[in-house]
Amino acid sequence: MKEDARGRGLAAHHVNGGYRIPRRTGHGWVVWCLTPLFVVAGISGVGRAADALSVALTSGNTRTGQFASLDAERLVLAASPDTAATEMAIDLATVRRITLQEAAPAAGGSLIGLTDGSQLTATSIEVAAAEATVSLATGSLALPADGLHWIAWPAEDETPPTTDWLAELPTPAAGDIVVIRRDEGWQFIECAITAITATEVVVLLEGESIPVSRTKLAGLCWLRAGTRPGVEPEPAPQDILLGLPGGRLRCRGIARSSPEADWTLTLAATTTAPVKATLPAAEVLSIDYAFGRQIDLTRRSPASTSVEPYFGSLADDAVLRKYFAPRTVTSTRQTDDQAVELPALLLRPRTDLVWTLPPGSRVFRAQLLPATPAASTPTSVLIEVDGVEQVRREIGGAGLSVDTPTTEQVMIDVRGGRQLRLVVDFATRPAGDSATATPTALLGGPILLQAPTIER
């Protein structure tokens, strides 16, 4: 049977077996499951990373300079040749993020997802026996094949590939899945994936080994216990996130002895001890130390959200409902020597949010301030942990400076807690002179929950 005929035979076999699932028109991706055990082989002499960098500190301040070295404890910035300044050592406990390069365009058309949530853009990928070889822009990455979660390939006229089919995979699946492109959607075939070459995917179906042209496929997915393709796992507190061209990679440690050296990584393994790997200098665009130890709640979906506008009928209109809903904005905080942009949630009165606290949570930190500094009436904020009140504040009100509104600092011990609840509502005052008079609501404005962070 010729290659194309074999591909058609595989599809026909699957349909006859009753597995064909109609899908909307689109192009697929490939899904695989892998344990994050990696060995990276660099290509020497390929573009080194720029040595200039920017360091975002946990205080909100920023430092800039020339890279000298990085180890598990500190980042060293080189002395400036134009001044008498000596090397500057920065304790990594105070570092939130290091930016080495601006975001770079991805090289390659294969999109690869790993079981730990890492995602790589590759020029090619091949799998033989238990090893996968991923070709990156400036080097190659060799890793155990059982660390892959999913792979997506673009159609001939498609850049980058689509991953829409990830949410439509049949569940539960009895085996690995190959995703075949059809004019009217995708076709999912359960099989065992045994190898991948530069041009073919070899599958085992009812005892027969069948090569299928990669041009027919939108993607692949391996059956992996306890994981779902497209769902990013919760990071461990010690996880560090590396920004790569067109992707991201989780690790447990990163070091570089000099500007001329490559990066040495410690990559987490699920079945063995952590693995050391080497990554070419130019591959790393950023290093996010806060990824695992500090969880930004502006990027974490609440377990529940309830919003009731003051005039209840406003919630019936889709446009107005979106207006009253919480949303992420960028706000500015003035530190001792500079203005710092921070993420924040814009929250209006009668908003009730509940977040699930991840394992290992220690402290919740945030700043509360009025979104409109000149607001004449305050807004009430209540914060609870597992139903127990921790903070109650009134934010805003008459007498505030438009330029420097009052900011309330919040720090709550959440160790052992399961849920964090935040309620924004109208403040109340007695309707008359008597303290026993029925309270009436003050029509306060929205507030900003600035840099809400769970520390672990």
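Structure notes:
- Exactly one residue out of G399, G387 is surrounded by fewer than 16 Cβ atoms within 10 Å (Cβ to Cβ) and either at pLDDT below 85 or not assigned by TED's automatic domain parsing to the domain that holds A344 (or both): that is G399.
- Pick from the range 175-208, criterion acidic (D, E) and assigned to a strand (DSSP E or B), ranking: farthest from the chain's Cα centre (by Cα): E208
- Members of the range 264-293 that are of a type in the set (S, T, N, Q) and modelled with pLDDT of 85 or more: T264, T266, S286
- Which listed residue is surrounded by fewer than 17 Cβ atoms within 10 Å (Cβ to Cβ) and closer than 25 Å to T58 by Cα, from P233, P274: P233
- Taking the listed residues G230, G246, the one that is closer than 25 Å to P160 by Cα and out of contact with any strand residue (DSSP E or B) (no Cβ under 6 Å at 6 or more places or on another chain) is G230, with no other qualifying.
- Of all residues making up the range 135-159, the number that are in contact with a Ser or Thr (Cβ under 7 Å, 6 or more places away or on another chain) and either modelled with pLDDT of 85 or more or among the polar types (S, T, N, Q) (or both): 6
- Test: residue in the range 264-285 that is touching a helix residue (DSSP H, G or I) at 6+ places or on another chain (Cβ under 9 Å) and assigned by TED's automatic domain parsing to the domain that holds T133: no
The values are calculated or read from the model by the stated rules, or taken from the named source; none is laboratory data. Small disclaimer: the values here were computed from a predicted structure and weren't measured. Neighbour counts run over all protein chains shown; Cβ positions are idealised from the backbone, glycine included.
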